[in-house]
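Data first, discussion second: the structure below is written as structure tokens.
The values are calculated or read from the model by the stated rules, or taken from the named source; none is laboratory data. The structure presented is a predicted model; accordingly, all values stated were derived computationally and were not measured. No Cβ is skipped: glycine too gets one built from the backbone with ideal geometry, and neighbour counts run over all protein chains shown.
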Amino acid sequence: MNTVLPAVGAMALTLTLAAPASAQVTPDQIVATYADIAAAKYADSLTTAQTLQAAVAALTADPSQETLVAARTAWLAARVPYQQTEVYRFGNPIVDDWEGRVNAWPLDEGLIDYVDASYGGPTDANQFAALNVIASPQITLAGQVVDASTITPALIADTLNEADGIETNVARGYHAIEFLLWGQDLNGTGPGAGERPFTDYVAGDACTGGNCDRRAAYLTAATTLLVTDLEEMATAWATDGAARTAVTANPDAGLIAMLTGMGSLSYGEQAGERMRLGLMLNDPEEEHDCFSDNTHNSHYYDGLGVQNAYLGRYVRTDGSVIEGASLSDLVAAADPALDAEMTGKLDTTMTALGAIVTAAEGGFAYDMMLEQGNAEGEALVMAGVDGLIDQTRTIERITTTLGLDQIAFEGSDSLDDPTAVFQ
Amino acid sequence: MIRTVLALSVLSAAPVQADVSRAVTDHILPGFAQFATHAEALSATAAADCTPAAVQPAYQAAFDAWLGVANLHIGPSETGALSIAYWPDDRAFTPRALTALIADPASRDPATFAEVSIAARGLFALDMLLYDPAFAGYAAGDATCTLVQVVSADLAAQATALDAAWRDAFAAVLTSAGAPGNATYMTGDEALRALYTQLLTGLTFDADMRLARPLGTFDQPRPRMAEAWRSGRPLRNVVLSVKAAQGLAHALTDTDLPLTDAAVARVEVAASRIDDPAFQTVTDPQARLLVDVLHQRVAAVEVAIDTEIGGALGIAAGFNALDGD
């Protein structure tokens with residue numbers, strides 16, 4: 001349930017904020033910054049994905065340890081801007097409807113390629129958890145025989161992804177590519193990430209894992225899809241793009257989208273689904289970037305995205321800065337103490353997420369932190385969780401202080417016509 | 001005179017007053033106490049005889065009691081609820097974790113059991129151990145029987161701790177909202193919004209998870225995605241959860257809630273028409289239709305509460321745990 005959500009009448013802001021004037025920022029300026037930052041983040045995600053695509057082409061053309069490592073490095077770099085865009089989910093339907101194509105997680109990777117025997121087979125929830133398309137030129141889905149003899153972007157997008165209507169049948173996006181570059185991480189909560197050998201892409205007798213040509217075709221097709229998908233979203237936030245227009249046409253609705261994205265990502269998604277649940281399951285597969293052991297960075301840049309959205313400032317991959325009128329300015333004008341509370345809590349969260357990065361870079365990987373009974377790991381992860389939960393409370397407070405809860409409220413169907421729903 | 005005032009107040013739809021203290025005292029704390037009592041009884045039962053036939057009734061009673069407070073995910077329940085009821089389990093962690101515990105005696109040491117994966121703890125671990133053919137064929141003395149005792153004792157310990165944490169600490173945080181030094185709820189409205197959010201989120205969970213998942217699509221219903229289907233609880237869980245929401249709604253406000261009560265009554269009627277309480281017959285179009293009707297009725301309760309409480313008090317729900325994917 002998204003809460004502070006769309007459906008908007010105007011008013012409230014002007015009412016609430018009319019009093020403390022002087023060089024005050026306006027909602028339209030704030031949402032313009034928000035849209036400009038989105039455009040820059042998706043453009044950066046696109047260029048880094050294109051670099052990844054070139055690296056994948058080099059890997060498949062000439063498989064070697066060097067080309068494999070180069071492709072992995074390009075994937076890691078591509079995650080930096082992308083994770084910072086996640087704060088645009090939840091509040092923006094255009095992003096939310098699209099997101100599953102690029103960053104769906106968790107995945108039953110046995111759908112795509114070979115897995116270790118410990119992975120198991122079909123589950124209660126997913127009959128195709130171990131389908132292994134790369135080894136199967138012909139597959140049967142929901143009683144239909146599917147020709148998978150050539151692995152194309154269309155096959156992945158239209159047939160394999162979410163096959164059987166199951167969300168964990170993730171056939172595309174960053175995590176499918178991650179699996180094809182790293183392979184399963186079979187080290188459990190011990191040190192080490194996935195160790196897929198470059199020979200999984202070598203043609204002929206030297207091929208390991210079988211079907212190297214099909215694996216290369218899959219990796220190439222999935223990377224092509226990622227680039228295409230990111231092009232679409234970069235366009236949506238560019239001048240006159242639909243996602244930009246959706247937030248700028250009605251700036252109050254745009255502010256609600258901003259706060260909804262910040263709160264939903266902080267609480268339900270990152271603190272809950274991605275961090276605390278994995279910790280409580282003690283399962284190394286319950287980490288966001290489980291094949292590459294890059295989870296510490298994914299969490300960090302997700303948190304940074306929330307902070308960007310509030311402060312109206314983003315550092316691009318080339319080092320240049322996009323900044324402008326911010327929510328922080330608006331809140332400071334209405335209630336300086338509340339702005340200080342928000343900036344302070346965002347800082348606290350970033351310090352906690354930064355500590356996870358530092359520990360991981362020092363050899364204490366995120367999956368090791370999830371180990372049963374590992375008190376140090378639990379303390380690191382829970383500090384991040386606590387920070388995210390705490391900042392969500394302040395995001396709610398801001399929504400109320402700005403009068404945005406009442407705006408969202410006035411637009412709800414049930415209140416417009418309470419009797420309609422009982423007919 | 002009094003009569004006149006009453007009549008006027010009804011006519012002018014007197015502003016609804018919220019009562020967080022009453023919700024805590026009359027609804028929440030008794031709910032946790034009751035769950036603790038039943039969880040302890042379950043543990044005692046399992047300790048005496050851990051075979052499925054002996055333990056199942058106590059498990060059912062404990063699950064019933066849990067639904068009185070399962071919608072609450074704040075304070076001690078923010079994390080505490082997760083290790084009591086880990087569901088859904090789309091990646092089948094529960095059977096894998098239980099299998100590992102059965103194979104390794106050291107891993108099920110009661111002293112350290114609170115550290116094991118939540119997939120192997122709480123009510124859903126028992127659902128599988130006591131009802132799934134892959135586990136429930138055990139006899140007294142088997143490793144699985146011991147594991148049932150350990151899981152039950154751990155559940156009782158969790159229930160007792162949760163009861164105490166609410167009673168001795170978090171109840172006061174809610175009821176002292178707005179007082180100096182209360183950093184969690186800075187105003188009375190914040191505590192009210194927190195409870196209101198729990199109320200609506202619980203109903204959303206009923207509709208989106210407990211019902212929409214097994215309903216699937218018309219062409220592809222998914223009976224195995226029903227909650228606790230092994231122990232035949234899907235329908236009962238929905239009804240008890242909705243009744244708990246109704247109870248909290250009444251405790252939270254001082255006026256009649258005719259729309260809400262009528263909507264809940266419709267839920268009960270819809271529930272009474274469903275033959276299979278486990279929702280395993282949703283593959284039959286007729287049976288699926290009846291579950292679909294129940295789904296709509298539950299959604300209508302949410303709207304009624306939104307109108308009668310949210311609208312009357314001028315509050316919107318805050319963020320909740322279902323906001324993610």
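Quick notes
- Boolean, B:T253 is in contact with a helix residue (DSSP H, G or I) (Cβ under 7 Å, 6 or more places away or on another chain), touching a residue at least 60 places away in the same chain (Cβ under 8 Å), closer than 14 Å to B:Y196 by Cβ and of a type in the set (S, T, N, Q): yes
- Residue, nearest to the other protein chains (Cβ to nearest Cβ), within region B:269-288, restricted to residues that are surrounded by fewer than 14 Cβ atoms within 10 Å (Cβ to Cβ) and assigned to a helix (DSSP H, G or I): B:V269
- Checklist (1) facing chain A (nearest Cβ under 10 Å); (2) more than 20 Å from B:N237 (Cα to Cα) applied to B:D89, failing item: (2)
- Subset of region B:147-178 that is in contact with a helix residue (DSSP H, G or I) (Cβ under 7 Å, 6 or more places away or on another chain) and polar (S, T, N, Q) - its residue that is farthest from B:G232 (Cα to Cα): B:T175
- Wholly enclosed helices (runs of 4 or more DSSP H) of region A:177-282 bearing at least 1 residues within 14 Å of chain B (Cβ to nearest Cβ) and within 23 Å of A:L346 (Cβ to Cβ): A:251-264, A:277-281
- Residue within region B:39-55 that is within 14 Å of chain A (Cβ to nearest Cβ), at negative phi and outside any helix (DSSP H, G or I) present: no
- Condition met for B:S83 (within 13 Å of the chain's Cα centre (by Cα) and either surrounded by fewer than 18 Cβ atoms within 10 Å (Cβ to Cβ) or within 14 Å of chain A (Cβ to nearest Cβ) (or both)): yes
- For region A:131-151, the count of residues that are within 18 Å of A:F291 (Cβ to Cβ), within 14 Å of chain B (Cβ to nearest Cβ) and surrounded by fewer than 18 Cβ atoms within 10 Å (Cβ to Cβ) is zero.
- Summed over region A:30-76, residues that are free of Cβ contacts under 8 Å to residues at least 60 places away in the same chain and either of a type in the set (D, E) or in contact with a strand residue (DSSP E or B) (Cβ under 9 Å, 6 or more places away or on another chain) (or both) total 2.
- From A:G100, A:G110, A:G120, residue being free of Cβ contacts under 8 Å to residues at least 40 places away in the same chain and closer than 16 Å to A:H175 by Cβ: A:G110
- In region B:194-224, residue nearest to the other protein chains (Cβ to nearest Cβ) [restricted to those that are charged (D, E, K, R) and surrounded by fewer than 24 Cβ atoms within 10 Å (Cβ to Cβ)]: B:R224
- Matching residues, region A:154-176, being crowded, with 22+ Cβ neighbours inside 10 Å, assigned to a loop (DSSP other than H, G, I, E, B) and among the hydrophobic types (A, V, I, L, M, F, W, C): A:V170, A:A171
- Restricting attention to region A:103-114, the residues being of a type in the set (A, V, I, L, M) and away from chain B (no Cβ under 13 Å) number 1.
- Among the helices (runs of 4 or more DSSP H) confined to region B:116-212, the ones with at least 3 residues that are touching a Gly at 6+ places or on another chain (Cβ under 7 Å), in contact (Cβ under 8 Å) with a residue 24 or more places away in the chain and under 24 Å from B:D323 (Cβ atoms) are located at B:188-205.
- Every residue from region B:289-325 that is in a helix (DSSP H, G or I), facing chain A (nearest Cβ under 7 Å) and free of Cβ contacts under 8 Å to residues at least 40 places away in the same chain: B:A300, B:G311, B:D323
- Test result for A:L304, more than 14 Å from every other protein chain (Cβ to nearest Cβ), out of contact with any Leu (no Cβ under 6 Å at 6 or more places or on another chain), in a helix (DSSP H, G or I) and in contact (Cβ under 8 Å) with a residue 60 or more places away in the chain: yes
- Per the conditions (1) at pLDDT 95 or above; (2) under 18 Å from B:R230 (Cβ atoms), the sole criterion not satisfied by B:A44 is (2).
- Options B:D163, B:D109, B:D168; residue that is surrounded by fewer than 23 Cβ atoms within 10 Å (Cβ to Cβ), more than 26 Å from the chain's Cα centre (by Cα) and more than 30 Å from A:T399 (Cβ to Cβ): B:D109
- Test for B:L240: is it away from every other protein chain (no Cβ under 14 Å), crowded, with 17+ Cβ neighbours inside 10 Å, under 20 Å from the mean Cα position of the chain (by Cα) and within 25 Å of B:S21 (Cβ to Cβ): yes
- Residue satisfying all of: in region A:350-403; touching a helix residue (DSSP H, G or I) at 6+ places or on another chain (Cβ under 7 Å) and on the phi > 0 side of the Ramachandran plot; nearest to the other protein chains (Cβ to nearest Cβ) among these: A:G373
- Test for B:A61: is it surrounded by fewer than 23 Cβ atoms within 10 Å (Cβ to Cβ), assigned to a helix (DSSP H, G or I), out of contact with any strand residue (DSSP E or B) (no Cβ under 8 Å at 6 or more places or on another chain) and more than 14 Å from chain A (Cβ to nearest Cβ): yes
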